Structure formats: C-alpha cells, structure tokens
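This report concerns only the one structure given below.
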Amino acid sequence: QVQLVESGGGLVQAGGSLRLSCAASGSIAGINLMGWYRQAPGKQREFVARISSGGSTNYVDSVKGRFSISRDNGKNTMYLQMNSLKPEDTAVYYCNADLRFGLRIWGQGTLVTVSS
C-alpha cells in the first residue's frame with residue numbers, strides 16, 4: 001500500500017510563503033484524486049485543495065488566489081504552494097489520496113504556523 005509523507009511546514013510571518021510536499025512511496029500516476037486538508041487547534045479538519053490526474057483543481061474559498069496545488073507524477077509527489085499566508089492558515093496540513101475501492105490514505109501531517 002502506498003505511503004504518504006508530508007514535509008515543508010514551519011513558521012512563517014504573515015504575507016510569507018511556504019511550499020508543502022507530499023511524497024508517495026509508490027507511483028501516483030494511477031491515482032485520480034489527491035488533495036490537502038488542514039486542521040487547526042480546536043477545529044474540525046477541513047478540505048483545502050484537490051487535484052485530479054488530469055490536472056483539474058478545486059480549492060476552498062478561503063485559499064483561492066493564494067494557494068496552488070500541483071502534482072509531479074514522475075517524482076511521485078504532490079505540492080501545495082501557499083502564498084500570502086495569514087494567521088488563520090495556521091494548522092496541521094495533511095495530504096491524502098483516494099485509492100480504489102473507497103480507500104482513503106493520509107500522511108502524518110506537517111505543521112504550518114503563521115505569525116502576525
């Protein structure tokens with residue numbers, strides 16, 4: 001079974017940028033939907049962005065125009081470029097992949113902290 005590992009989180013000032021990576025242990029070429037979720041302290045995990053194998057993307061309204069999701073099938077890696085970060089973006093970010101037969105897998109999460 002494919003494993004997902006996030007990286008790239010850290011501490012950044014408001015207005016700054018980070019790029020998160022989600023490295024898969026196997027090929028992602030055959031995975032249709034992959035995406036990013038986040039969970040802030042005391043809040044429910046929420047959808048952030050998704051990307052299909054064909055490159056179609058979708059974002060939660062709060063990050064539109066600031067975040068960009070992409071994937072490199074040759075490197076078996078998905079990315080989330082985060083620009084113009086705001087304190088409310090502070091959360092643990094998780095990557096996910098929807099496999100066949102309804103199986104959804106997750107990475108371990110990477111913490112993003114945005115200071116004022």
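The values are calculated or read from the model by the stated rules, or taken from the named source; none is laboratory data. These numbers come from a predicted model, not from an experiment. Counting neighbours? That spans all protein chains shown, and the Cβs are built from the backbone with ideal geometry, glycine included. The protein model used for the area step is the full one, side chains on, heavy atoms only, and it has no ligands, DNA or RNA in it. Shrake-Rupley method; radii C 1.70, N 1.55, O 1.52, S 1.80 Å.
Accessible area of the chain with a 1.4 Å probe: how many percent of it is carbon plus sulfur?
Values: 2860 of 6060 Å².
Here it works out to 47 percent.
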*Mind checking the dipole of segment 1-103: about its Cα centre, +1 per Lys or Arg Cβ, -1 per Asp or Glu Cβ, Debye to the nearest 20?*
60
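Could you calculate the contour length gain from residue 81 to residue 2, that is, 0.36 nm times the residue separation minus the distance between their Cα atoms, to one decimal place in nm?
Working: separation 79, 0.36 × 79 = 28.44 nm, distance 2.30 nm.
Contour length minus the Cα-Cα distance gives 26.1 nm.
Tell me the per residue accessible area of the chain using a 1.4 Å probe; a whole number in Å² is fine. Intermediate results must be reported in sequence, preceding the final value.
Numbers: 6060 Å² over 116 residues.
On a per-residue basis, 52 Å².
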_Label-to-label distance, nm, for residues given as residue 47 and residue 99 (7 Å Cα→Cβ offset)_ = 2.2
*asked:* Relative contact order of the chain, please, whole-number percent, based on alpha carbon pairs below 8 angstrom and at least 6 residues apart.
replied: 36
*Can you tell which of 86, 43, 75 shows the greatest fluctuation in a Gaussian network model of the chain with Cα springs below 10 Å?*
43
_If a paramagnetic tag sat 7 Å from the Cα of residue 56 along the Cα-Cβ line, which residues of segment 66-96 would have the backbone N under 17 Å from that point?_
69-71
*Run the 1.4 Å probe and let me know the accessible area of residue 69, rounded to the nearest 10 Å².*
10
*Scaled radius of gyration (Cα, divided by 2.2 N^0.38 Å) that the chain gives*: 1.00
*Just read off the accessible area of residue 47 with the full protein assembly in place, 1.4 Å probe, to the nearest 10 Å².*
60
